[in-house]
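Q: Have a look at the structure that comes next, please.
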Amino acid sequence: MGTIHKAFKVRLYPTQEQQDFLNQNLGACRALYNMMLFERIEVYKQFKDNKRELFEYKYKTEKEYRQEFEWMKDADSASLQLSRIALSKAYQNFFKGLAGKHKVKYGFPKFKKKRVGSSYQTARTNNNIMLDFKESKIKLPKVGWISFKDKRSEFSGIIKSATVSRSSTGKYFVSVLFEQELNLSGVAYDSIDESQVCGLDMSLEKFFVNQDGNSPAYERLYRKFEPKLKKAQRQMSKKKKGSKNWYKASHKVSVIHETIANKRKDFTQKLSTELVRKNQVIVVESLSLKGMSQALKLGKSVMDLGYSEFVRQLQYKTLCNNKILIQADKWFASSKTCNICGYVNKNLQLSDRKWDCPNCGENHDRDKNAGRNLKNIGLKEIGQGLPEYTPVENKTSGSFRKKTTKVCSVKQEKALSQQI
Ligand SMILES: [Zn+2]
């Protein structure tokens with residue numbers, strides 16, 4: 001049925017000795033990456049007029065670097081190998097970008113700067129990466145068992161790799177990548193109750209408004225922390241760059257950013273889990289956030305929302321729980337369409353919170369109506385839509401077979417596994 005990749009990320013509590021190793025390994029991976037990049041640049045300079053020499057040039061392997069530099073000897077060899085692969089990928093992306101094969105332009109690979117926030121990846125071979133939930137310990141190559149803190153008591157699947165990271169505030173984390181079998185038995189559309197279909201209309205003020213006009217308990221975090229952040233940034237700008245006090249102030253700024261990010265993530269994680277537990281079909285708008293924030297000049301609020309992250313969570317949670325997520329076409333006029341008769345009120349302004357349908361006379365609350373329209377799309381998808389209601393210009397983005405089962409394509413799986 002296919003597989004999916006999921007990450008299990010926890011905070012690590014290394015002993016001093018383990019911390020020293022992790023720091024050393026982070027440094028070794030960064031140094032190797034930089035030396036290999038330097039070598040490539042030099043070789044290019046030397047042979048740029050001789051394409052054959054250039055393409056046939058044998059670059060030094062990580063093993064050769066290791067023999068050359070004594071301090072690299074103790075590093076985790078898989079992590080060094082993956083550093084080399086990361087550099088090759090960065091090069092490939094750059095060249096593909098030049099050839100116009102990417103939508104996004106990748107710049108020329110950059111040297112990795114020495115800084116607090118950094119990471120390295122390592123791969124599993126035999127039992128060099130293991131998790132012990134009873135003891136809350138994880139075994140990592142060359143380091144051995146490190147303590148972690150987490151409430152979860154299990155995680156199923158096969159361990160593929162692990163990424164050790166040090167945050168800009170000096171905390172250590174590990175993200176373990178698991179491969180899980182997807183067990184999609186299919187959703188029988190006719191067994192879905194109407195009450196298990198929901199439509200969520202994104203709202204800048206309330207995060208979303210559903211078909212009943214309800215919203216989650218939402219706090220605009222960035223706005224809330226802005227004064228504190230501004231103050232910390234001001235203090236940082238007053239210090240001499242690179243001085244001890246500057247680092248202290250910069251640490252403070254990082255801590256505030258981290259707090260906001262953690263709170264936001266916690267909010268969307270809990271919310272998406274609850275929604276997927278309660279519903280069989282969830283309909284959201286697909287957003288072009290960039291376009292929207294530019295159009296409305298509300299950039300900060302839109303970014304503050306973390307809505308795209310929320311949709312991404314809904315995406316993989318519905319997929320893993322055999323449920324359906326539908327993303328309505330971004331041009332679908334969820335606010336302007338009457339959820340009763342399908343009439344499109346082209347004259348509706350952003351400031352109109354309530355309106356009467358000129359066609360059927362229904363009195364609408366703007367947000368609630370939008371939520372209902374999105375729910376209607378879900379109902380229509382499962383064959384329970386109102387016969388007279390035909391919303392215009394809508395498209396579902398889930399890849400499942402109509403009326404029978406939900407099947408996810410390999411492409412979707414791949415895209416998801418890269419995201420999760
Ligand atoms: Zn109407």
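Q: For a quick protection proxy, order the peptides 109-118, 170-179 by their average other-Cβ count within 10 Å, most packed first.
A: 170-179, 109-118
Q: Next question, about the same structure. Given H placed 1.01 Å from N in the peptide plane, which residues other than close sequence neighbours of Phe69 have an amide H under 5 Å from its amide H?
A: It is none; the list stays empty.
Q: Another question, then. On full extension of the chain, what length is gained from Trp145 through Asn321, given 0.36 nm per residue of separation minus the C-alpha to C-alpha distance?
A: Extending this stretch completely gives an extra 60.1 nm.
Q: Which of Asp367, Asp20 comes first, and how do the rest follow, when ranked by fewest Cβ neighbours within 10 Å?
A: Asp20, Asp367
Q: While we're here: What ³J(HN,Hα) values, in whole Hz, does the Karplus curve 6.51 cos²θ - 1.76 cosθ + 1.60 give for the range 237-246 when θ = phi - 60°, with x put for Gly and Pro?
A: Running phi through 6.51 cos²θ - 1.76 cosθ + 1.60 with θ = phi - 60° gives 5, 7, 7, 6, 4, x, 6, 4, 5, 5 Hz.
Q: Order these peptides, 235-243, 333-341, by their mean beta-carbon neighbour count within 10 angstrom, highest first.
A: 333-341, 235-243
Q: Something else now. Which of the peptides 196-208, 255-267 is most tightly packed, and how do the rest follow, judged by the mean count of other Cβ atoms within 10 Å per residue?
A: 196-208, 255-267
Q: If you stretched the chain out fully between Ser156 and Glu17, how much longer would it get, using 0.36 nm times the residue separation minus the C-alpha to C-alpha distance?
A: My answer for the length gained is 47.0 nm.
Q: In whole Hz, what ³J(HN,Hα) sequence does the range 196-204 give by Karplus (6.51, -1.76, 1.60; θ = phi - 60°), x for Gly and Pro?
A: Using θ = phi - 60°, the values come out as 9, 10, 10, x, 10, 9, 4, 9, 5 Hz.
Q: Right, here's the next one. In this model, which of Lys330/Lys380; Lys330/Lys375; Lys9/Lys270 are farther than 22 Å apart at the alpha-carbon?
A: Over 22 Å Cα-Cα: none of the listed pairs.
Q: Also: Are there any trypsin sites (Lys or Arg not before Pro) in the range 1-71 that are in a DSSP loop and have at most 16 other Cβ atoms within 10 Å? List them by number.
A: Within the range 1-71, the qualifying trypsin sites (Lys or Arg not before Pro) (loop, at most 16 other Cβ atoms within 10 Å) are Lys48, Lys58, Lys60.
Q: Something else about it: Through the Karplus equation 6.51 cos²θ - 1.76 cosθ + 1.60, θ set to phi - 60°, convert the phi angles of the range 44-60 into ³J(HN,Hα) values in whole Hz; use x for Gly and Pro.
A: 4, 4, 6, 10, 4, 8, 10, 3, 5, 4, 5, 6, 8, 4, 9, 6, 5
Q: Pull up all non-local amide H partners of Ile326: gap of 5 or more, or a different chain, and H-to-H distance under 5 Å with H placed in the peptide plane.
A: Ile282, Val283, Val284
Q: Say R0 is 41 Å: what FRET efficiency, to the nearest 0.05, do Glu205 and Thr169 get from their beta-carbon distance?
A: FRET efficiency, Glu205 to Thr169: 0.85.
Q: May I ask you to compute the full-extension gain from Glu53 to Lys9, defined as 0.36 nm times their residue separation minus their alpha-carbon distance, rounded to one decimal in nm?
A: My answer for the length gained is 11.4 nm.
Q: In the range 2-182, with Lys and Arg counted as +1 and Asp and Glu as -1 at Cβ, which of these residues, Gly97, Gln16, Gly157, has the Cα nearest the positive end of the dipole, that is, farthest along it?
A: Gly97
Q: Of Lys139/Lys263; Lys113/Lys171; Lys48/Lys112, which ones are farther than 20 Å apart at the Cα?
A: Flagged as over cut-off: Lys139/Lys263; Lys48/Lys112.
Q: Once amide H atoms are built 1.01 Å from N in the peptide plane, which residues 5 or more positions from Phe208, or in another chain, come under 5 Å H to H?
A: Residues meeting the criterion, in which the H sits 1.01 Å from N, are Ser203.
Here, each number is a calculation from the coordinates, and none is a lab measurement. Treat the numbers as computed from the prediction; the structure is a model and nothing was measured. So basically every Cβ, Gly included, is an ideal-geometry build from the backbone, and we count neighbours across all protein chains shown.
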